[in-house]
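*Asks:* Structure provided below as structure tokens; questions to follow.
The values are calculated or read from the model by the stated rules, or taken from the named source; none is laboratory data. As the structure is a computational prediction, the values presented were derived from the model and not from experiment. Virtual Cβ from ideal backbone geometry, glycine too; neighbours counted across all protein chains shown. Only protein heavy atoms, including side chains, enter the accessible area calculation; ligands, DNA and RNA are left aside. Shrake-Rupley method; radii C 1.70, N 1.55, O 1.52, S 1.80 Å.
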Amino acid sequence: MKIHNLEREEVFHALLTSQNGLAIEDARTRLREYGYNEIKEVRKKPLFLRFLVQFTHFLAILLWIAAAMSFLSEFLHPGEGMLTLGIAIVAVILINAVFTFIQEYRAEKALAALKKLLPFSVIVLRNGKEEEIPARDIVPGDIMLLTEGDKIPADARIIETHELKVNHAPLTGESEPLLRDHAAFHGESIESPNIAFAGTTVVSGSGRAVVFATGMSTEFGRIAHLTSAVESGLSPLQKEIVKATRLVAAIAAAVGIFFFSIGFLIGRNFWDNFIFAIGITVALIPEGLLPTMTLSLAMGSQRMAKRKALIKNLPSVETLGAVTVICTDKTGTLTQNRMAVAKIWVNDELIEAGDIQKDDAVELLRTAYFCNNARLVDEHYKGDPTEVALFQFARDKAGDFLSERVQEIPFDAERKKMTTVNAVKGKTAAFSKGAGENILPACDHVLMRGEKRPLTEDIGNKIRDASHVMMDKGLRVLAFCYRDIEQNGAGELSAGQIEKNMVFTGLIGMEDPPRPEVAEAIRKCDEAGIKIIMMTGDAERTAVAIARETGLVKGDPVVIEGSEMDALRDQDLRERLSAKEVIFARVSPKHKMRVVSILKEEGEIVAVTGDGVNDAPALKKADIGIAMGVSGTDVAKEASDMILLDDNFATIVNAIEEGRAVYENIKKFITYIFASNIPEAVPYLAYILFSIPLPLTVIQILAVDLGTDMLPSLALGAEKPTPGIMKQPPRKIQERLLNIPLITKAYLFLGPIEAAACMFGFFWVLHGGGWIWGTTLPQTDTLYLQATTACLTAIIITQIGNVFACRSSRESVFSVGFFSNKLIFAGILAELLLQIFIVYHPVGNRVFGTAPLSVTVWLLLLPFSVVLLAAEETRKLFLHKFKPS
């Protein structure tokens, strides 16, 4: 059966359906027969292979070399503890691989779960009624209602069209929109204008189509290899983390080799030097950094989802924090998208909507009713909010009008008007609505109290004045006109043939109140150094009125209309964009694209909102493309990086706040992890330079890096935004994560305090046990074991103070809320329980080379944690006092 060869009625017969669609029971039966409408995923890389990759990255290779050298040493020189060290290093590689794999898997699952929040749906006819269903539930025989912006979910035979154009780029690579037709076609199906293929998108117009293939039976399903999974690359931040980790690891290896050589020069034997080289290398390698960062990004995206911002990929989380400019729509984003007719101009009078009577404006109401795609389904109005407001107003005032639509010329961003041709009581008439400046030139008469009069310049000026009065009140104003036409049987007429010699019927002004939370969001953006540019299809006066009402502009803004923008050179537009307050009115998607391109050329990090098909290029071009989850088209959602589940501007600001928080949190746990490297490295330097017993063993270092430190660092990654984070300017996108202030704070401020604590604990225990400088202690000596245990315990205790010190970079931990992050306390509890196990349990003693300590030692070490936190609080106080910005 070649479905494209068949006429409309033959299509219904072949697919056992009707113009009213399937019965609900039939649809259920077919769903069981044909299965869900899904393209089966190309098999991803098996989990075990993804797990094995964790053993072959740069850090793992370094540790494998260290383990191999340890085993070789044990073979050549047994009895030096090299076997235990080798096993410990292999255990580190295994633990790190498992941890990283689990965190990446969790992050992947978290993203998959977030994407399910926004299911792909389609409108079909079932039992003659419109019904919105998940696209996966569609079956052969279903009749789909297609409108601009829809993504077509299955192969379908088109049975009705109104200027329907479809983009076949996902299937053929051809991006030029193709006009569809419902007539039978004799040729190849791929070339047939009456077929709509799964995966393609409706660019403009509307229509109906009968599904004939779903899932793997579609054309898209047959070439499913085109959809094979592509390995996602690392984000810029992840790449920087990898580079930083490699740099630190290389430095660690270089330091190990350097001091290994120095040891020979000062007379230390090979095995002492080798132990040192391995220890210093392991001490300086930040084993848990990459998995912790991955989880932090995933947790950030989940927090954003709770605040109604759906992040489609992890890199967008980090980019959000650097946004410098937001280009935002007005309708539905700054406003509530609850259109209601407020005023009308008819019969040379400006009248409140509530005072209008049917007899006063019957032609205006009739035009608003016919030139409209809103629908009443099960007592609920459906459609574009503007059209719903007009349709509901016309029905409320005049009831239903009967007609049959013959033709539709859809609204176009360039024409800024829509026209329908309807058969009304045996006659044919055209009805148009749109922007006043686009409707008036098509009119030569005006309707005044039921009488057609010539549209003189004087009346034209009155219409414009009335329009301006409504616009200055923030109303969206549309103009309406009609004309009787003669159908000569030659088929559909062009816009040029229809939209001329028309009769102007009036103006309708609709109000869409600003969202109450927008003013506060705009204030936060102003404090955060983020510029907001309004880009709207509405008129200049309406845009400025809403901008003033929301606090977006306070002075005299630079206002650029689309027609004016066409005449501007790029350099002139750059100068206009440099103004503090900028508004674009009557703009089309191509204008939006141009603005985004110039802003990016100027070095700005741009977030742009969009909801229509033609917004897709700008959404892709922007650093962060933001689609509307409620009013947005499927095409816009697919092109975006983030989807607003509530279409609210304030949600964008919340997401930027979370994006900044994620970046800050990554810096927090890097500081926390790097600070502990100093007390891990200093004991080895003291060991090699001062001929003392080794204060800290390699396996004890690993207990810190992959044991006690892990949960507190994860808790830092879950910190909520600090109060002052939106009072700082956006970070530069080229700003290094490992910058001088961070390294200085970790290595030269916090780290030395921890190192002093661990060396104090070590020598305190040795001195209390009667040790004399220069005396060698066996590795099994109880005093030596207790001394190393004290050194390890000092690091754990000071890291407790450090986790609180790292909770904010500028604000006091007490102003942030000492108890506000419950995960911190859970992490500390786990840290202490693990350390108690290491110190007091026989298994912990045997594995980590420790011995029980008296409570006195713990109490002696506790002040160091307090000192560290107090020192950091003093630094923040100094910073706040002398560097308030």
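*Asks:* What number goes with the only condition from (1) over 40 Å from the mean Cα position of the chain (by Cα); (2) in a strand (DSSP E or B); (3) exposed (fewer than 15 other Cβ atoms within 10 Å of the Cβ) that L376 does not pass?
*Replies:* (1)
*Asks:* Restricting to the range 488-539, what's the tally of residues that are of a type in the set (D, E, K, R), in a helix (DSSP H, G or I) and either touching a residue at least 60 places away in the same chain (Cβ under 8 Å) or more than 27 Å from L475 (Cα to Cα) (or both)?
*Replies:* Within the range 488-539, the first condition is being of a type in the set (D, E, K, R), and the residues that meet it are 492, 499-500, 511-512, 515, 517, 520, 523-524, 526-527, 531, 538.
Okay, now just the ones that are also in a helix (DSSP H, G or I), so 520, 523-524, 526-527.
Pick out the ones that are also either touching a residue at least 60 places away in the same chain (Cβ under 8 Å) or more than 27 Å from L475 (Cα to Cα) (or both) and you get 520, 524, 527.
Residues flagged as of a type in the set (D, E, K, R), in a helix (DSSP H, G or I) and either touching a residue at least 60 places away in the same chain (Cβ under 8 Å) or more than 27 Å from L475 (Cα to Cα) (or both) within the range 488-539 amount to 3.
*Asks:* Still on this model: Where in the range 558-647 are the helices (runs of 4 or more DSSP H), entirely inside, with at least 1 residues that are basic (K, R), under 22 Å from the mean Cα position of the chain (by Cα) and under 15 Å from T536 (Cα atoms)? Write out each step before concluding.
*Replies:* Details: elements: 562-567, 570-577, 589-601, 616-621, 634-639.
In the range 558-647, the matching helices (runs of 4 or more DSSP H) lie at 589-601.
*Asks:* Another question, if that's okay. Scan the range 328-338 residue by residue and report those that are surrounded by 24 or more Cβ atoms within 10 Å (Cβ to Cβ) and either hydrophobic (A, V, I, L, M, F, W, C) or farther than 17 Å from D615 by Cβ (or both).
*Replies:* Across the range 328-338, the qualifying residues are L334, T335.
*Asks:* Return the total of residues in the range 546-570 being over 19 Å from A650 (Cα atoms) and among the hydrophobic types (A, V, I, L, M, F, W, C).
*Replies:* 6
*Asks:* Please enumerate the residues belonging to the range 655-693 that are among the acidic types (D, E) and open to solvent by less than 20 Å² (accessible area, probe 1.4 Å).
*Replies:* Just the residues of the range 655-693 that are among the acidic types (D, E), to begin with: 657-658, 664, 680.
Matches in the range 655-693: E658, E680.
*Asks:* Right, another one. What single numbered condition from (1) farther than 26 Å from A746 by Cα; (2) open to solvent by 80 Å² or more (accessible area, probe 1.4 Å); (3) of a type in the set (A, V, I, L, M) fails to hold for L833?
*Replies:* (1)
*Asks:* Out of the strands (runs of 3 or more DSSP E) lying entirely within the range 386-457, which hold 3 or more residues that are without any contact (Cβ under 8 Å) to a residue 24 or more places away in the chain?
*Replies:* On the way: elements: 404-409, 417-424, 427-434, 443-448, 451-454.
Of the strands (runs of 3 or more DSSP E) lying wholly inside the range 386-457, those with at least 3 residues that are without any contact (Cβ under 8 Å) to a residue 24 or more places away in the chain span 451-454.
*Asks:* Let me confirm something: among D611, D615, D570, which residue is open to solvent by 70 Å² or more (accessible area, probe 1.4 Å) and charged (D, E, K, R)?
*Replies:* Working: D611 fails: open to solvent by 70 Å² or more (accessible area, probe 1.4 Å); D615 fails: open to solvent by 70 Å² or more (accessible area, probe 1.4 Å).
Being open to solvent by 70 Å² or more (accessible area, probe 1.4 Å) and charged (D, E, K, R) holds for just one of D611, D615, D570, which is D570.
*Asks:* Something else now. Do we have any residue at all in the range 380-389 that's open to solvent by 40 Å² or more (accessible area, probe 1.4 Å), among the charged types (D, E, K, R) and closer than 23 Å to D615 by Cα?
*Replies:* Narrowing the range 380-389 to residues open to solvent by 40 Å² or more (accessible area, probe 1.4 Å): 380-384.
Remaining after also requiring among the charged types (D, E, K, R): 382, 384.
Next, from what is left, pick out any that are closer than 23 Å to D615 by Cα: 382, 384.
Yes: one or more hits.
*Asks:* Also, I was wondering about something else. Check whether at least one residue in the range 776-784 is crowded, with 22+ Cβ neighbours inside 10 Å and farther than 15 Å from K668 by Cβ, and report yes or no. Walk me through it before giving the result.
*Replies:* So in the range 776-784, the residues crowded, with 22+ Cβ neighbours inside 10 Å come out as 784.
When the remaining residues are screened for being farther than 15 Å from K668 by Cβ, the result is 784.
Scanning the range 776-784, I find at least one residue that is crowded, with 22+ Cβ neighbours inside 10 Å and farther than 15 Å from K668 by Cβ, so the answer is yes.
*Asks:* Got a sec? Which of R136, R50, R157 is part of a helix (DSSP H, G or I), closer than 26 Å to A198 by Cβ and modelled with pLDDT of 75 or more?
*Replies:* Working: R50 fails: closer than 26 Å to A198 by Cβ; R157 fails: part of a helix (DSSP H, G or I).
Of R136, R50, R157, the one residue that is part of a helix (DSSP H, G or I), closer than 26 Å to A198 by Cβ and modelled with pLDDT of 75 or more is R136.
*Asks:* Also, quick follow-up: Is it the case, given these coordinates, that F864 is closer than 24 Å to G751 by Cβ, buried (at least 19 other Cβ atoms within 10 Å of the Cβ) and out of contact with any strand residue (DSSP E or B) (no Cβ under 9 Å at 6 or more places or on another chain)? Steps first, please.
*Replies:* Numbers: closer than 24 Å to G751 by Cβ: yes; buried (at least 19 other Cβ atoms within 10 Å of the Cβ): yes; out of contact with any strand residue (DSSP E or B) (no Cβ under 9 Å at 6 or more places or on another chain): yes.
For F864, the condition - closer than 24 Å to G751 by Cβ, buried (at least 19 other Cβ atoms within 10 Å of the Cβ) and out of contact with any strand residue (DSSP E or B) (no Cβ under 9 Å at 6 or more places or on another chain) - is met.
*Asks:* Working only within the range 839-851, note down all residues that are over 20 Å from A755 (Cα atoms), crowded, with 16+ Cβ neighbours inside 10 Å and at pLDDT 95 or above.
*Replies:* A851
*Asks:* Under the condition of being under 21 Å from S494 (Cα atoms) and among the charged types (D, E, K, R), which residue from the range 426-464 is surrounded by the fewest Cβ atoms within 10 Å (Cβ to Cβ)?
*Replies:* Out of the qualifying residues, it is K427.
*Asks:* Here's a follow-up. Go through the range 354-371 and report how many residues are open to solvent by less than 10 Å² (accessible area, probe 1.4 Å) and either at pLDDT below 95 or in contact with a Lys or Arg (Cβ under 6 Å, 6 or more places away or on another chain) (or both).
*Replies:* Total satisfying the criteria: 4.
Let's see how each residue does on (1) open to solvent by less than 10 Å² (accessible area, probe 1.4 Å); (2) hydroxyl-bearing (S, T, Y); (3) at pLDDT below 95:
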{"residue": "I508", "(1), (2), (3)": "yes, no, no"}
{"residue": "E517", "(1), (2), (3)": "no, no, yes"}
{"residue": "I532", "(1), (2), (3)": "no, no, no"}
{"residue": "M535", "(1), (2), (3)": "yes, no, yes"}
{"residue": "E540", "(1), (2), (3)": "no, no, yes"}
{"residue": "I546", "(1), (2), (3)": "yes, no, yes"}
